[in-house]
1. Among all the aspartates and glutamates, which ones have a C-alpha under 12 Å from B:Lys123's C-alpha, if same-chain residues fewer than 8 places away are not counted?
2. I'd like the mean, over residues of B:67-79, of how many other protein chain beta carbons sit within 10 Å of each residue's own Cβ.
3. Mind ordering B:174-184, A:153-163, A:193-203, B:107-117 by average Cβ neighbours within 10 Å, highest first?
4. Could you go through region B:69-78 in sequence order and give the Karplus-derived ³J(HN,Hα) for each residue, using 6.51 cos²θ - 1.76 cosθ + 1.60 with θ = phi - 60°, rounded to whole Hz, and x for Gly and Pro?
5. Of A:Lys24/B:Lys128; A:Lys24/B:Lys46; B:Lys250/B:Lys274; B:Lys5/B:Lys274; B:Lys5/B:Lys250; B:Lys41/B:Lys270, which sit over 22 Å apart, Cα to Cα?
6. I'd like the orientation of helix B:131-144 relative to chain B: the angle between its Cα long axis and the longest Cα principal axis, in ° from 0 to 90, rounded to 10.
7. Report, in listed order, any pair from B:Lys16/B:Lys164; A:Lys253/B:Lys271; A:Lys178/A:Lys232; B:Lys36/B:Lys164; B:Lys16/B:Lys218 with a Cα-Cα distance greater than 31 Å.
8. Dipole magnitude of region B:2-203 about its Cα centre, charges +1 at Lys/Arg Cβ and -1 at Asp/Glu Cβ only, in debye to the nearest 20?
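Derivation of every value follows stated rules applied to the coordinates shown; laboratory data play no part. Note that the coordinates shown come from a computational prediction; the quantities given were computed from them, not determined experimentally. Here Cβ is always computed from backbone atoms with ideal geometry, including for glycine, and neighbour counts include all displayed protein chains.
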Amino acid sequence: MNTTFSFNRLVLMLKRFFIENRNKEIMSWGILILVFTLVHNSANAKILLYIMGFIFAAKQFKSFAYTPGGMHYLLIPSTHLEKLVTSILLSTVYFFTMFILTYSIGNVIGTNLYNLVFTQSTQVTWDFFNATDIQKFGGSFDFLPGGNAFLEMIVNFLIIQSTFMLGSIYFKRGALGKTMLSILAFYFVIGLIELFLLKVIFVDLTTLRGMNSFSFMTESSSILKIIGNGFKIFCYLLIPYFWTVTYFRLTEKQV
Amino acid sequence: MIDIKSVDFSYSRNTKLLSGLSLQLETGRIHGLLGKNGEGKSTLLKLISGLVFPQKGEIEVMGFLPQKRLPEMLQDIFFLPEELPQLSMNIENYEKVYAPFYPNFNSEQFNKFLKEFEIENKKSLLNKLSHGQKKKVMIAFGLATNTRLLLLDEPTNGLDIPSKGQFRRMVASGINEERCLVISTHQVHDLDSLIDNIIIMDGHEIVFNQSIENIAHKLLFRVSDRKETDDTVIYSEDTLRGLYQVCENKTATESKVDIELLFNAIFADKKRIKQLFQ
């Protein structure tokens with residue numbers, strides 16, 4: 001018997017999810033099709049992707065919220081790695097595929113219904129996949145070379161997914177809210193440190209205020225490029241890092 | 001099968017739940033784990049199954065370290081907790097999803113046990129069943145997994161009177177030389193004539209661990225006249241039916257072990273019982 005990873009057991013774990021959550025899944029994806037039908041051709045679908053993505057990721061280890069549920073889950077004869085991979089696959093590949101599928105179906109139905117009712121001939125637009133779209137979530141992090149917004153969106157999504165999945169196993173109850181609060185607290189601390197450092201460097205805050213419209217990142221200096229790339233790598237590494245921490249958290253989980 | 005050596009465990013820093021606990025359990029037996037509330041019976045079952053980890057000491061279950069929760073070990077353990085999980089699927093799907101994880105699962109046996117418990121409709125949703133019915137499904141499933149180790153925490157809680165008898169019959173038919181059953185319970189009468197080894201926990205340690213044969217050999221359980229008393233009497237309980245006594249069995253008389261009386265006798269005179277069995 002394979003003690004580390006068995007594909008058969010992984011399939012059984014996935015099957016378990018789909019059988020156990022069949023009705024809930026059909027209902028939630030059905031509602032999403034309805035939403036995309038109503039707000040078809042919307043460029044803001046990615047915001048919904050992020051919001052739904054972190055809700056879905058935060059629910060991955062929800063069985064631990066109720067002790068007998070957690071016991072039942074931990075005693076399923078599969079390895080911790082298989083359990084983790086199942087959760088990753090469900091909250092990334094499955095979730096993303098279903099999101100795109102519902103977006104596409106809703107968009108096509110919505111546009112055609114609109115044309116039928118209002119006798120228009122609007123074309124179905126696929127803004128969600130638009131590579132030239134410069135709208136980015138959470139500021140202006142240019143994660144990928146060439147500015148491919150769709151790929152960048154996937155990276156953003158994976159960072160959010162891995163963070164909330166870790167939150168899901170870290171917090172016993174209210175994982176979603178507590179993870180959000182933790183992120184806010186983290187950014188607050190980072191903000192304070194940043195403010196402190198800037199104050200130390202510039203001494204006078206009026207100089208700093210005068211630099212509000214000045215962007216360091218537009219400078220073509222090689223040092224800034226190195227810092228920028230280093231930040232990108234740091235962001236990429238956050239994904240496997242959070243998954244790894246989730247794995248260790250799962251192996252150490254006691255109920 | 002199970003080897004526990006000097007295990008310490010606590011849920012908080014200030015209070016120790018188990019301290020220096022050692023216990024060996026053999027196969028082919030049904031072990032009854034008894035003790036007052038909060039003595040750590042359920043925790044002991046959790047330690048055996050790897051749901052909690054010992055802070056000190058070692059536990060070995062079928063040659064595995066439980067805290068690793070390896071699938072080879074888990075597929076040979078079935079743990080029925082006192083409180084059951086919320087499962088939003090029907091019995092048929094439960095079998096479809098979880099049975100493949102247990103290589104020795106026997107579907108025919110599962111159906112037979114369900115039938116004995118008078119659960120005919122496998123399309124019934126588990127979270128729509130009463131606690132007792134859900135427990136019956138889980139007991140039937142657990143027995144049908146044919147795992148070498150079966151841990152049952154208060155299995156008869158919530159079962160109606162006929163079901164308790166059915167449970168005893170099923171468990172008795174399900175045990176063999178390779179299996180080990182550990183039943184933690186307060187309902188000692190439900191396990192009457194079922195368990196063949198009694199383990200009693202007190203003060204967060206094992207104070208008694210003897211086979212029924214040995215108990216019957218060393219102790220005499222009798223109902224006697226109220227006036228009758230001698231130095232062999234360890235414990236007596238005055239009831240409407242007479243004076244129930246636990247005595248030293250000096251005459252090698254055969255008697256049926258009354259688990260409740262034994263439990264009370266141990267708590268009344270732990271030292272004497274300990275000496276007797278040493």
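1. List returned: B:Glu92, B:Glu95.
2. 5
3. Values: B:174-184: 19.2, A:153-163: 21.5, A:193-203: 10.9, B:107-117: 16.7.
Per-residue mean Cβ counts within 10 Å order the peptides as A:153-163, B:174-184, B:107-117, A:193-203.
4. Once rounded to whole Hz, the list reads 6, 6, x, 4, 7, 5, 6, 10, 10, 10.
5. Details: A:Lys24/B:Lys128 16 Å; A:Lys24/B:Lys46 31 Å; B:Lys250/B:Lys274 16 Å; B:Lys5/B:Lys274 20 Å; B:Lys5/B:Lys250 34 Å; B:Lys41/B:Lys270 19 Å.
Beyond 22 Å between Cα atoms: A:Lys24/B:Lys46; B:Lys5/B:Lys250.
6. 80
7. Exceeds cut-off: B:Lys16/B:Lys164; A:Lys253/B:Lys271; B:Lys16/B:Lys218.
8. Computed charge dipole of region B:2-203: roughly 480 debye.
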